[in-house]
Amino acid sequence: MTLTPLTRAARLRPGARVAVVSPSGPVPDDRLEAGLDVLRGWGLEPVEMPHVRDLHPELGYLAGTDEARARDLEQAWCDPSFDAVLCARGGYGAHRMVDLVDWSAMRAAGPKAFVGYSDITVLHEAFAQRMGLATLHGPMVAAETFLKDPDTQESLRATLFEPESVRTLGLRTAGVLAPGRARGITYGGCVSLLAADIGTPYARTSARGGLLMIEDTTEDPYRLDRIFTQLLRAGALSGVSGVACGSWQGCEPYEEVRAVLADRLGGLGVPVVEELGFGHGPTALTIPLGVPAVLDAPEDGGPGTLTVEVPALI
């Protein structure tokens, strides 16, 4: 099956109410408060869903029970007073709750902006596969990068309010692993979560017509090799048009990571850009998923860019 453009949600305007959810790991109170203040400074009205600050009674790496996390997402989405749903943090846990969500009810509620990355990759894939909805691979409200890096904040703010102003994406340092130019539909996220999706009921079985956006954190080079090899053996990268790599924070040494990327992705015969500037790194640009885009990997070695053909939000 060839990837096609997904339904886009409406942009935000000052005064918009946005729901904050914790689908994965527990959220530090101080960082959440700081992130909410940033949103208020943009003229938004952030509202915490009931279980945002929960801690699972036995499994301390989860923000409350699977059922509670699923209900928060579902209720936030189905509440027409919210214009967007923003994740508080990643961590781990989205795989545990994704099948507890009533996706039929959410589909009936219609589109709205959804933002997150890292473990939230599981939900990006669910929104794409189960709802046909474009989403935003962007920083979480309580993420340290969001709180500390002005470029990260501005990328998300501009995407939410003025999406036509952020059509060409990428840091000036973005390089080229394999040159060329490709067009396709953006999809992807944290590559270990994409691999973990293989074999599940709604997993992609083809990447035909897709521009793959990938990044990860704290994975040794040999583990990244295993992840990419699994994706290749499963046919999950079959037909991909191009690959844009974000950050590989904590996956040192980068020279070895780069060698893995060149080895595992080079055989695809498609353009590959490295260090585009999204994910767990010091700057986390907001990348629309589910929209047509062009990946440029210049022959002279850079800088590589991703240009979306339509604004992320309408």
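Numbers at a glance
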| quantity | calculated |
| --- | --- |
| Strands (runs of 3 or more DSSP E) fully within the stretch 263-305 counting 1 or more residues that are over 16 Å from the mean Cα position of the chain (by Cα), surrounded by fewer than 23 Cβ atoms within 10 Å (Cβ to Cβ) and at negative phi | 292-297 |
| Residues (at negative phi and open to solvent by 30 Å² or more (accessible area, probe 1.4 Å)) located in the stretch 213-228 | Thr217, Asp220, Tyr222, Arg223, Asp225, Arg226 |
| Val176 vs. criteria β-branched (Val, Ile, Thr), open to solvent by less than 10 Å² (accessible area, probe 1.4 Å), over 24 Å from Val310 (Cβ atoms) and touching a strand residue (DSSP E or B) at 6+ places or on another chain (Cβ under 8 Å) | no |
| Of residues in the stretch 117-135 being in contact with a Leu (Cβ under 7 Å, 6 or more places away or on another chain) and under 22 Å from Val308 (Cβ atoms), the one surrounded by the fewest Cβ atoms within 10 Å (Cβ to Cβ) | Gly132 |
| Check on Gly138, in contact with a helix residue (DSSP H, G or I) (Cβ under 9 Å, 6 or more places away or on another chain) and over 14 Å from Ala284 (Cα atoms) | no |
| Qualifying residue in the stretch 201-209 (condition: over 23 Å from Gly90 (Cα atoms), open to solvent by less than 30 Å² (accessible area, probe 1.4 Å) and under 17 Å from the mean Cα position of the chain (by Cα)) | yes |
| Residues located in the stretch 249-259, provided they are open to solvent by less than 20 Å² (accessible area, probe 1.4 Å) and outside any loop (DSSP other than H, G, I, E, B) | Val257 |
| Top-ranked residue in the stretch 141-165 [being β-branched (Val, Ile, Thr) and buried (at least 21 other Cβ atoms within 10 Å of the Cβ); ranked as nearest to Ala284 (Cα to Cα)] | Thr152 |
| Residue that is farthest from Ala108 (Cα to Cα) [pool: residues in the stretch 1-46 that are crowded, with 20+ Cβ neighbours inside 10 Å and among the β-branched types (Val, Ile, Thr)] | Val27 |
| Residues being closer than 23 Å to Asp197 by Cα and open to solvent by 50 Å² or more (accessible area, probe 1.4 Å) - total across the stretch 77-104 | 8 |
| Complete set of residues in the stretch 258-314 that are farther than 25 Å from Thr145 by Cα and polar (S, T, N, Q) | none |
| Test: residue in the stretch 229-240 that is under 17 Å from the mean Cα position of the chain (by Cα), outside any strand (DSSP E or B) and surrounded by 15 or more Cβ atoms within 10 Å (Cβ to Cβ) | no |
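The values are calculated or read from the model by the stated rules, or taken from the named source; none is laboratory data. Since this is a predicted model, take the numbers as computed values, not measurements. Cβ coordinates were reconstructed from backbone atoms using ideal geometry, including for glycine residues, and neighbour counts include every protein chain displayed. Note: accessible area is taken over every heavy atom of the protein model, side chains too, but ligands, DNA and RNA are not part of it. Shrake-Rupley method; radii C 1.70, N 1.55, O 1.52, S 1.80 Å.
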